[in-house]
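I have placed the structure first, in the form of structure tokens, so that the comments after it can refer back to it.
The values are calculated or read from the model by the stated rules, or taken from the named source; none is laboratory data. Note that this is a predicted model, so its numbers are computed, not measured. Counting neighbours? That spans all protein chains shown, and the Cβs are built from the backbone with ideal geometry, glycine included. When the accessible area is computed, the model is the full protein with side chains, heavy atoms only, and any ligands, DNA or RNA have been set aside. Shrake-Rupley method; radii C 1.70, N 1.55, O 1.52, S 1.80 Å.
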Amino acid sequence: MTPFSLKIVTPDGIKYDGQAEELIVRTTTGDVGILAGHLGMVAPLGMGRATVIIDGQKRYAACIGGMVAVVNGRVDLVPTSFEWAQDIDIDRTERSYQRAQQTLNDKNASDTDIRLAKARLHRALVRRNVASSK
């Protein structure tokens with residue numbers, strides 16, 4: 001496969017800057033696969049697993065929020081959160097999942113608390129799924 005330039009930058013810093021052969025990410029309208037020569041585009045990211053093929057090897061990550069842009073053959077992935085599978089803290093993920101479940105089961109929880117708990121639960125499920133893909 002022909003490589004392209006990929007840069008992954010989060011608010012915490014650069015997660016990757018180099019060549020890749022393929023990128024698959026979840027946008028707000030579904031999954032998008034990017035190869036070398038992809039048409040220019042900008043899309044908002046949803047919550048899901050990112051697959052990056054680097055030197056013929058698949059790597060997985062939890063990719064949440066932000067945007068992806070393809071401009072002049074360069075791909076910039078700017079997620080709110082990006083965690084490579086091997087870096088996901090399973091214990092932290094499980095604690096977040098449990099807190100979300102407690103809030104969702106709380107009959108006194110506000111609408112805002114419920115919305116936040118649903119988002120936390122979704123993030124925890126994405127992280128759990130990606131961590132199992134190591």
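Given 20 °C and 1.002 mPa s, compute D for the stretch 51-98 with the Stokes-Einstein relation, Rh being the Kirkwood radius over Cα pairs; round to the nearest whole µm²/s. Using the Kirkwood radius from Cα pairs, D works out to 170 µm²/s.
Taking the 0 to 90 degree range and rounding to the nearest ten, how far is the long axis of helix 90-105 tilted relative to the main principal axis of the chain, both from C-alpha atoms? Rounded to the nearest ten degrees, it is 50. Every helix of 4 or more DSSP H residues in the chain counts as -39500 (n - 2.57), and over all residues that averages to -9500 deg cm²/dmol at 222 nm.
Using only alpha carbons, the chain has a radius of gyration to Kirkwood radius ratio (Rg to Rh) of 1.03.
Taking all protein chains as shown and a probe of 1.4 angstrom, L104 keeps an accessible surface of around 50 Å².
Rolling a 1.4 Å probe over the protein heavy atoms leaves M67 with an accessible area of roughly 70 Å².
Here the dipole of the chain is about 340 debye; that uses its Cα centre as origin and unit charges on the Cβ of Lys and Arg (positive) and Asp and Glu (negative). In terms of its alpha-carbon gyration tensor, the stretch 60-134 comes out oblate; a/c meets the 1.5 threshold, while b/c is at least as large as a/b.
Only lysine pairs 8 or more places apart or on separate chains count here, and in the chain those with Cα atoms under 19 Å apart total 6. Using a probe of 1.4 Å on the protein chains alone, the accessible area found for K7 is around 60 Å². Taking the chain as a Gaussian network of alpha-carbon nodes connected by springs under 10 Å, the highest mean-square fluctuation of the residues R99, R120, R26 belongs to R99.
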